[in-house]
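Following: one structure in structure tokens, then a few remarks.
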Amino acid sequence: MELFRIGFGAIFVYNFVLAKFLGLCPFIGVSKKMSSAVGMGLAVIFVMTMASVVTFLAYMALLWIGASAFLQIVVFILVIASFVQFVEMVVQKVSPALYEALGIFLPLITTNCAVLGVATLNVDTFKIGTGPEEWSVVGGFFASALQGLCGGLGFMLAMILMSAMREELESLPVPKAFRGVPVAFVLTMGLALAFLGFSGMI
Amino acid sequence: MTQALHLLADASGDVPYIGAVVVLVLIGIFFGVLLYVGSRVFAVDVDPRIDQIADALSGANCGACGYGGCRAYAEAVVLKGAATNLCAPGGDETCAAVAKIMGVEAEAAEPKVAVVHCKGTRERAASRGSYRGVADCRAAVVPGAGGGEKVCPHGCLGLGTCVAACPFGALVMGPDGLPMVIEQLCTGCGRCVEACPRGIISLHPKSQQTFVLCSSHLKGKAQKEACTIGCIGCRRCVKACPAEAITVTSFRASIDDEKCTNCGTCVEVCPQGIIWSFEKARASYKKPDPKAASACAT
């Protein structure tokens, strides 16, 4: 039940794009076409999940030597950037087709704030300790991975909804001043309002 | 290791920044080594022919081949089997070099040159005022900017946007206010074609010598009022052409380069004198007499 709460929360209630407004640049930039939106969504799911895992490990290492508070962000950024670079190399070697499909998106994700967002959110939510509100090491690890996975799924959901609407929008008579990005932001507002309906469910 | 880290944590109590520095350095070294090893283990072999072709190409990144720059074209040739003769600026030499790298027979590409389809000089084209806006054709055609000085809505604006766009210096603004193409320098990359907001520049094979040098779709009377040399769509050339290479669409004649034999019949019959033969123009151009020049020098 706890795991369902985390997963459902990350996808719908605390959707990274539509409720937390993280990662808006790829959301607006890559949502013109459904195919590229799906590619970006898949890349984000993968990186967010893996980044949750590695940053949680890094967080535990920092806790262990007692330097977690002030090194957290710089270490997370270093870990995520190195990790994305490493993943890019592996994907290029192992699956050229996937590399071709992800294209520029994979390196772009390095600077996607949703990824750093999920990393910091994980260590804020799943504090390791023995208190009533605190998590065991293993529990926190898997909860982080789940939150990363579902955060990515929520991102992809928002991307797909948005790209479907923007593809329809191509054939509609949008006023000239609103064409392109402005109307995309208006649509984002509508989507965010709709997702507001999920708040309070958990 | 554990002990060392705990010692480190203790030491950071005495010298506050040591622990942070050491941790960051360790993490940096770890990822540096990881990425180095990864780049070696997961190195992808890139076809060396891509680099060779990229070197052989002109390097102008003009995009005339239809790809985003010379390197993208080189990749397309090697990986996607694109044609080897698409490099217009490089000409036959480059195309042959690319074909040689790929090990295929060179297919000769007919080089193209840009032709400006307007002869509406200040004397010929009627004026409707003076333009004092930004000196750029694209600015002059913005709605509300007036659309240039000429009455003819298809005439050359004469502000030199094409001249600025040419990466090879093959376009110069002539004294008559119309751009001139220097054929020896023109590589047929098509930058000027894209730059011209009126769309009066087009590419033609170098062997093509006969052109309708007007882009105007105005009807006969309006055309005569706008410009003394504009095409009025009278269809005399269509009837006269033995090769059936000329068509008139919306009051403007155009010549099909593939069918045209450059016989010059249309040049003779055109009542407006807007069909020009570059060959004859060249033949009638007299080279400066070297004797006269030497006489001048002394």
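Since every read-out is calculated from the coordinates, none of them should be taken as a lab result. Note that the coordinates shown come from a computational prediction; the quantities given were computed from them, not determined experimentally. Don't worry about glycine lacking a Cβ; one is built from the backbone with ideal geometry, like all the others, and counts go over all protein chains shown.
Tabulated data
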| read-out | value |
| --- | --- |
| Stokes-Einstein diffusion coefficient of the stretch B:131-290, Kirkwood radius over Cα pairs, 10 °C, 1.306 mPa s, in µm²/s | 94 µm²/s |
| Charge context of residue B:253, other residues only, Cβ under 15 angstrom, K/R +1, D/E -1 | +3 |
| Three semi-axes of the equivalent ellipsoid, the protein assembly as shown, Cα gyration tensor, whole Å, largest first | 65, 29, 21 |
| Neighbour-count ranking [beta-carbon atoms within 10 angstrom, fewest first] of A:199, B:216 | A:199, B:216 |
| Chain A: angle of helix A:68-94 to the longest principal axis, Cα-based, in degrees nearest 10 | 60 degrees |
| In order through the stretch A:18-32: 3J(HN,Hα) via Karplus (6.51 cos²θ - 1.76 cosθ + 1.60), integer Hz, x for Gly, Pro | 8, 10, 9, 6, 9, x, 6, 5, x, 4, 7, x, 10, 9, 6 |
| Total formal charge among the other residues, if their Cβ is under 12 angstrom from that of residue A:125, Lys/Arg +1 and Asp/Glu -1 | -2 |
| Kirkwood hydrodynamic radius (C-alpha pairs) into Stokes-Einstein, the stretch B:113-203, 37 °C and 0.692 mPa s, D in µm²/s | 250 µm²/s |
| For chain A, built as a Gaussian network whose Cα springs stay under 10 Å, the top-fluctuating residue of A:191, A:172, A:24 | A:172 |
| Helix-only CD estimate at 222 nm, as mean residue ellipticity for chain B, using -39500 (n - 2.57) per DSSP H run (n ≥ 4) | -11000 deg cm²/dmol |
| Cα gyration tensor shape for the stretch B:51-102, rounded if a/c is under 1.5, else prolate or oblate | rounded |
| Mean Kyte hydropathy of -1.0 or more with a Cα span along the axis of at least 24 Å, helices from DSSP in chain B | B:16-41 |
| Residue (of B:165, B:216, A:3) at the positive-pole extreme of the protein assembly as shown, dipole from beta-carbon charges | B:216 |
| Gain in span if fully extended, residue B:110 to residue B:80, counting 0.36 nm per residue against the direct Cα distance | 8.5 nm |
| Which of A:159, A:189 has the fewest Cβ neighbours within 10 Å, and the rest in rising order | A:189, A:159 |
| Within a Gaussian network of chain B (alpha carbon springs, distance under 10 Å), most fluctuating of B:203, B:157, B:26 | B:26 |
| Amide H partners (placed H, <5 Å) of residue B:113, local residues excluded | B:204, B:206 |
| Whole-number D in µm² s⁻¹ for the stretch A:11-195, Kirkwood Cα-pair radius fed into Stokes-Einstein, 37 °C, 0.692 mPa s | 189 µm²/s |
| Mean-position separation - Cα centroids, the stretch A:91-131 and the stretch B:40-112, in angstrom | 36 Å |
| FRET efficiency, 1/(1 + (r/R0)^6) with R0 35 Å, evaluated for residue B:247 and residue A:179 via beta carbons | 0.45 |
| Radius 11 Å from Cβ of residue B:121, net charge of other residues (Lys, Arg +1; Asp, Glu -1) | +2 |
| In order through the stretch B:151-168: 3J(HN,Hα) via Karplus (6.51 cos²θ - 1.76 cosθ + 1.60), integer Hz, x for Gly, Pro | 5, 5, x, 10, x, 4, 7, x, 9, x, 4, 5, 4, 5, 7, 5, x, 10 |
| Among B:234, B:87, B:152, residue whose mean-square fluctuation peaks in a GNM of chain B (springs only between Cα atoms under 10 Å) | B:234 |
| Kirkwood hydrodynamic radius of chain B, from inverse mean 1/r over distinct Cα pairs, in Å | 24.0 Å |
| Estimated FRET transfer efficiency (residue B:235, residue B:182; beta-carbon r; R0 35 Å; 0.05) | 0.55 |
